[in-house]
1. State in Å² the accessible area per residue of segment 120-167; use a 1.4 Å probe, count heavy atoms of protein chains only, and round to the nearest integer.
2. Under 5 Å between amide hydrogens, which residues at least 5 positions from Lys301 or on another chain qualify, with H placed 1.01 Å from N in the peptide plane?
3. What residues have an amide H closer than 5 Å to that of Tyr202, excluding those fewer than 5 places away on the same chain, when H is modeled at 1.01 Å from N in the peptide plane?
4. Return a whole-number percent for the relative contact order of the chain, with Cα pairs under 8 Å and 6 or more residues apart as the contact set.
5. What residues have an amide H closer than 5 Å to that of Thr273, excluding those fewer than 5 places away on the same chain, when H is modeled at 1.01 Å from N in the peptide plane?
6. If you average the alpha carbon positions of segment 357-371 and of segment 35-61, how far apart do those two centres end up, in angstrom?
7. Looking at segment 123-197, which trypsin sites (Lys or Arg not before Pro) are DSSP coil and have at most 14 other C-beta atoms within 10 Å of their C-beta?
8. Can you give the relative contact order of segment 43-175 as a percent, counting alpha carbon pairs under 8 Å and 6+ residues apart?
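The values are calculated or read from the model by the stated rules, or taken from the named source; none is laboratory data. Note that the structure is a prediction, hence the values are computed from the model and not measured. Counting neighbours? That spans all protein chains shown, and the Cβs are built from the backbone with ideal geometry, glycine included. Just so you know, the surface numbers come from the protein's heavy atoms only, side chains and all, with ligands and any DNA or RNA stripped out. Shrake-Rupley method; radii C 1.70, N 1.55, O 1.52, S 1.80 Å.
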Amino acid sequence: MNTTDKKDNVVHTPLFQSYSETRMLMGALSGVVKKAEFLLFLNAIWDQTGTPQNPVDWSKPDEWIPERLTGSSRTLALRIWEQTKKLLNPRHVYGAYLFINRYGLLKADAAGVFQETEAGKLFMADDPATVRKLDEAEGLPKLLAILATHSPAKRGDLLEEWGEFLLAHSKFGTTSTIKDTLRRRILNLVERGFISREGNTYTITDKGIAYAANGASIKAVSAHQQVLAAIKQHNDSEVVEFRERLGKMNPYHFEMLIRDLLEAMDYEDVIVTKQSGDKGVDVVGYFQFGITQVKEVVQVKRHQGSITRPVLDQLRGALPYHQAIRGTIITLGKFAQGCKDAAIFPGAAPITLIDGDKLLELFVKHEVGVKRSPVPLFKIDESIFEQSGPETEPGLGLPMEAETNNA
């Protein structure tokens with residue numbers, strides 16, 4: 001299994017898919033499908049991809065397979081769809097095939113039929129050593145190391161370092177490919193439990209830190225990851241203590257802290273209402289949606305129990321009194337399912353629910369009630385030791401064409 005094109009060159013596969021999808025495709029092809037038939041199927045799909053001006057809907061395979069494909073291509077598409085229990089859309093298998101082809105996980109036998117290679121069998125069995133080699137060849141441990149220094153973070157927070165890494169160690173270099181390779185690899189790592197996701201925010205898990213620390217391809221990774229793990233452990237313990245102290249805070253002072261949070265989130269004219277006669281509303285503020293300013297009322301619950309439906313109904317009923325069109329309930333606890341269902345009831349005024357976990361995330365993100373301590377971590381700038389010249393400059397463009405030629 002060749003995992004590198006040249007020394008220190010990684011991140012090869014465009015359209016990088018999850019390993020579960022790749023294994024599903026291998027299971028559908030191995031021992032049954034001829035390579036020539038599969039390539040014919042890919043071409044049949046490609047001929048109907050559409051344009052931005054005239055997009056084609058591929059979301060319903062049960063409909064488009066019989067409508068758009070014929071012969072062996074239709075049979076193969078149905079096989080992939082049904083063999084994977086309708087989990088893998090046949091329209092989106094090209095990236096998985098590029099990965100399979102690059103690392104030789106399937107090879108055509110004398111009859112032209114796909115068969116699992118030894119590397120393919122190990123990959124299907126989730127052999128740790130095999131998967132590790134593939135991960136390193138696609139830059140996944142490096143991505144985990146980058147996230148560890150920013151976690152929690154949005155994808156945009158990682159783009160600069162990931163882009164620098166790609167420019168130095170891959171053939172990818174355009175803004176669009178940098179973004180796409182990052183997005184696809186993050187999704188792969190989320191599925192495997194190395195990264196947790198909350199909305200558009202990503203956090204490296206303890207499993208992810210341990211996995212990144214095992215990468216011999218990352219220089220000084222042991223000491224570096226020990227520092228990162230210690231920082232994460234410290235931050236986690238601080239958040240736990242912060243939550244406990246918030247639960248013991250004076251209710252009115254807690255409402256004032258929520259006011260500070262809303263102001264940090266760009267709400268304007270935020271006030272804490274009087275402690276009586278507010279009809280269940282504790283904080284009122286205004287938020288700018290485009291050219292429209294919206295008044296929002298907030299009910300704050302400091303206790304860590306479960307918020308039920310009557311609390312939401314009370315706040316919704318108070319909206320006309322405050323001439324507001326939307327409301328929010330903020331709690332250190334959680335919300336009962338009935339409360340969640342009522343929050344998005346059709347035709348009713350929208351009520352946003354912020355539970356304790358989300359609230360702590362917002363406090364940390366906007367640095368309200370917590371302070372971020374800058375920790376300088378120095379690392380050698382490898383670029384000053386690199387020789388310049390055509391023989392050492394990374395190539396440009398996508399490897400897709402080369403992959404296609406090898407198919």
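1. I get 40 Å² per residue for this part.
2. Those lying under 5 Å, H to H, from Lys301 are Ile330, Thr331, Leu332.
3. Those lying under 5 Å, H to H, from Tyr202 are Ala153, Lys154.
4. 14
5. Val283, Val284
6. Using only Cα atoms, the two centres lie 45 Å from each other.
7. Passing sites in segment 123-197 are Lys154.
8. Answer for segment 43-175 is 9 percent.
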